[in-house]
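One structure coming up, written as structure tokens, with questions to follow.
The values are calculated or read from the model by the stated rules, or taken from the named source; none is laboratory data. Worth saying up front: this structure is predicted, and the values here are computed from it rather than measured. Here Cβ is always computed from backbone atoms with ideal geometry, including for glycine, and neighbour counts include all displayed protein chains.
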Amino acid sequence: MIIAHDFNKSLFMYKLRENYKNRIIKDFRDLVFIDIDKVNTKKKFEEIDVYWGNRLNIKNLSKMKNLQWVHLGSSGIEINLKKNILSRNIKLTNSKNILIKPMVSSIIAYIFALSRGLHYATFLKNKKKFDRTNFDKFFPYLNDVYDSKILILGLGSIGKELARKLSPFTSEIYAIKKKTKVTLPCIKRTYSLTSLVKIIHKMEIIINILPLNDQTHNIFNSDIFNKMKNNSIFINVGRGETVNEKDLYNAIKNKKIGSVGLDVFDRELNYINVNQPIKQSSKLFKLENLLMTPHVSNLTNTYWNEELKLFSLNLKKFNKNIKLINLIN
């Protein structure tokens, strides 16, 4: 069996080291790993049985005539790529379960940092304006998480766990999901995506974990930002292209919304350099009331141990033609 992978970068989550490969190979016979960026002939592409990684594209997909299974090292996938994979009856799985804890931890860190102005205090420190007089400018945006109205957009495994962890702080947790029937006791009410424009003005903390598709592309735009409370907190850890970044910049600059946290960015899917998810020339860096992280909300030092367990288990199931874990339909 030939497994192609794209874990060829130096970053922690993008490096499939030899000892990781060996841990899998010892349990399987006739297993070969190849770096997708070193595949340079039509014949080699056609010999690939399994693809494992995060950077598969439609061009390479079309060359893999014998491909039977794609396993994502993360949770998200571009909608057109997903359609192409499934249209060929190729099995598609992801690693969502091992990302729940780090994602939820990062979101909660964002919430408390933004609500208490920790990002603003750091901004003042870097500007050498670190005193209470300058911090007083942030006073209108100070937010008590306790009893805040919190809206979670996207109630998958991450959204559900986030709601559970936030429930001790407030009884007013709302969610947007495909099926609006309430599924968790800690969620007061669920809404459809079309209701966003009608309810957004009521919310103090908005957390976007939506996937990217035709309905969610640029769903956060000037129309939505203009309806938000001007001291609200907006956090995006879902997909960058669900947010119109130009509209977001204007909303922050013109104080239409309060504090903002971003871990993903709208050009990221088209940005080849995984080490730099946003250009250093972006105007977002000029905004003082914005906390940014370079797409690291899903990082954890236990990633590879958990990823190897998941992939190995699924590989055994794949060999026996048994239903795979985290199968995407």
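Just to be sure, is ASP30 modelled with pLDDT under 95 and among the charged types (D, E, K, R)?
Numbers: modelled with pLDDT under 95: yes; among the charged types (D, E, K, R): yes.
So ASP30 passes the test.
Does ILE34 fit the bill of being over 21 Å from GLN276 (Cβ atoms), part of a loop (DSSP other than H, G, I, E, B), hydrophobic (A, V, I, L, M, F, W, C) and touching a strand residue (DSSP E or B) at 6+ places or on another chain (Cβ under 9 Å)? Please lay out each step first, then the result.
Values: over 21 Å from GLN276 (Cβ atoms): yes; part of a loop (DSSP other than H, G, I, E, B): no; hydrophobic (A, V, I, L, M, F, W, C): yes; touching a strand residue (DSSP E or B) at 6+ places or on another chain (Cβ under 9 Å): yes.
Spelling it out, it is not the case that ILE34 is over 21 Å from GLN276 (Cβ atoms), part of a loop (DSSP other than H, G, I, E, B), hydrophobic (A, V, I, L, M, F, W, C) and touching a strand residue (DSSP E or B) at 6+ places or on another chain (Cβ under 9 Å).
Just give me the residues in segment 80-104 being of a type in the set (D, E, K, R) and free of Cβ contacts under 8 Å to residues at least 24 places away in the same chain, in sequence order.
Selection gives LYS83, ARG88.
Determine, yes or no, whether LYS83 is surrounded by fewer than 16 Cβ atoms within 10 Å (Cβ to Cβ) and over 27 Å from the mean Cα position of the chain (by Cα). Quick ask: steps written out before the conclusion?
Values: surrounded by fewer than 16 Cβ atoms within 10 Å (Cβ to Cβ): yes; over 27 Å from the mean Cα position of the chain (by Cα): no.
For LYS83, the condition - surrounded by fewer than 16 Cβ atoms within 10 Å (Cβ to Cβ) and over 27 Å from the mean Cα position of the chain (by Cα) - is not met.
Let me ask something else. If you check ILE48 against the conditions, is it at pLDDT 95 or above, of a type in the set (A, V, I, L, M) and assigned to a loop (DSSP other than H, G, I, E, B)?
Numbers: at pLDDT 95 or above: yes; of a type in the set (A, V, I, L, M): yes; assigned to a loop (DSSP other than H, G, I, E, B): yes.
Taking the combined requirement at face value, the residue satisfies it.
Being in the same structural domain as ILE233 (by TED's automatic domain parsing) and either modelled with pLDDT under 95 or closer than 27 Å to VAL296 by Cα (or both): is that true of TYR120 here? Steps first, answer last, please.
Working: in the same structural domain as ILE233 (by TED's automatic domain parsing): yes; either modelled with pLDDT under 95 or closer than 27 Å to VAL296 by Cα (or both): yes.
When the stated conditions are applied, TYR120 passes them.
Something else: For segment 86-100, name all the residues that are assigned to a helix (DSSP H, G or I) and surrounded by fewer than 16 Cβ atoms within 10 Å (Cβ to Cβ).
Narrowing segment 86-100 to residues assigned to a helix (DSSP H, G or I): 86-87, 96-100.
The answer is LEU86, SER87, ASN97.
Taking segment 154-166 as the region of interest, how many residues are among the aliphatic types (A, V, I, L, M), within 12 Å of ILE107 (Cβ to Cβ) and touching a Lys or Arg at 6+ places or on another chain (Cβ under 9 Å)? Before you say what the answer is, go through the steps one by one.
Let us first name the residues in segment 154-166 that are among the aliphatic types (A, V, I, L, M), namely 155, 158, 162-163, 166.
Next cut, within 12 Å of ILE107 (Cβ to Cβ) only: 158, 162-163, 166.
If we keep only those that are touching a Lys or Arg at 6+ places or on another chain (Cβ under 9 Å) as well, we get 158.
Going through segment 154-166 one residue at a time, the tally reaches 1.
While we're here: Restricting segment 297-317 to residues that are surrounded by 14 or more Cβ atoms within 10 Å (Cβ to Cβ) and aliphatic (A, V, I, L, M), which is farthest from VAL237 (Cα to Cα)?
LEU315
Here's another thing I want to ask about it. Mind checking which pairs have a first residue in segment 284-296 that is of a type in the set (A, V, I, L, M, F, W, C) and a second that is assigned to a loop (DSSP other than H, G, I, E, B), Cβ under 9 Å, 6 or more apart or different chains?
Partner pairs satisfying both residue conditions: LEU284/PHE265; LEU284/ILE278; PHE285/ILE278; MET292/ASP263; MET292/PHE265; MET292/ILE278; VAL296/ASP263.
Sticking with this structure for a sec: Do you know which residues across segment 2-37 are in contact (Cβ under 8 Å) with a residue 12 or more places away in the chain, loosely packed, with under 15 Cβ neighbours inside 10 Å and over 21 Å from GLU306 (Cβ atoms)?
The answer is ASP30, VAL32, ILE34, ASP35, ASP37.
Check GLY76, GLY53 and return the single one that is small (Gly, Ala, Ser) and in contact with a strand residue (DSSP E or B) (Cβ under 9 Å, 6 or more places away or on another chain). Don't jump to the end; show me each part of the working.
On the way: GLY76 fails: in contact with a strand residue (DSSP E or B) (Cβ under 9 Å, 6 or more places away or on another chain).
Matching residue, one of GLY76, GLY53: GLY53.
Mind telling me which of the residues ASN143, ASN134 ends up being surrounded by 14 or more Cβ atoms within 10 Å (Cβ to Cβ), among the polar types (S, T, N, Q) and modelled with pLDDT of 95 or more?
On the way: ASN143 fails: modelled with pLDDT of 95 or more.
On inspection, the qualifying residue turns out to be ASN134.
Are there any pairs with C-beta distances below 7 angstrom linking a residue in segment 166-188 that is without any contact (Cβ under 8 Å) to a residue 60 or more places away in the chain and not assigned by TED's automatic domain parsing to the domain that holds SER148 to a residue that is assigned to a loop (DSSP other than H, G, I, E, B) and surrounded by 15 or more Cβ atoms within 10 Å (Cβ to Cβ), with the two at least 6 apart or on different chains, and if so which?
Listed by first residue and then by second, the contacts come to nothing, as the list is empty.
Looking at segment 113-126, can you tell me whether even one residue there is touching a residue at least 40 places away in the same chain (Cβ under 8 Å), among the polar types (S, T, N, Q) and outside any helix (DSSP H, G or I)?
No, the conditions are met nowhere in segment 113-126.
Another question about this same structure. Where the second residue is among the polar types (S, T, N, Q) and part of a strand (DSSP E or B) and the first is within 18 Å of PHE265 (Cβ to Cβ) and lies in segment 204-221, which pairs have Cβ atoms under 7 Å and are six or more apart or on separate chains?
These pairs meet every condition: ASN208/ASN236; PHE220/ASN208.
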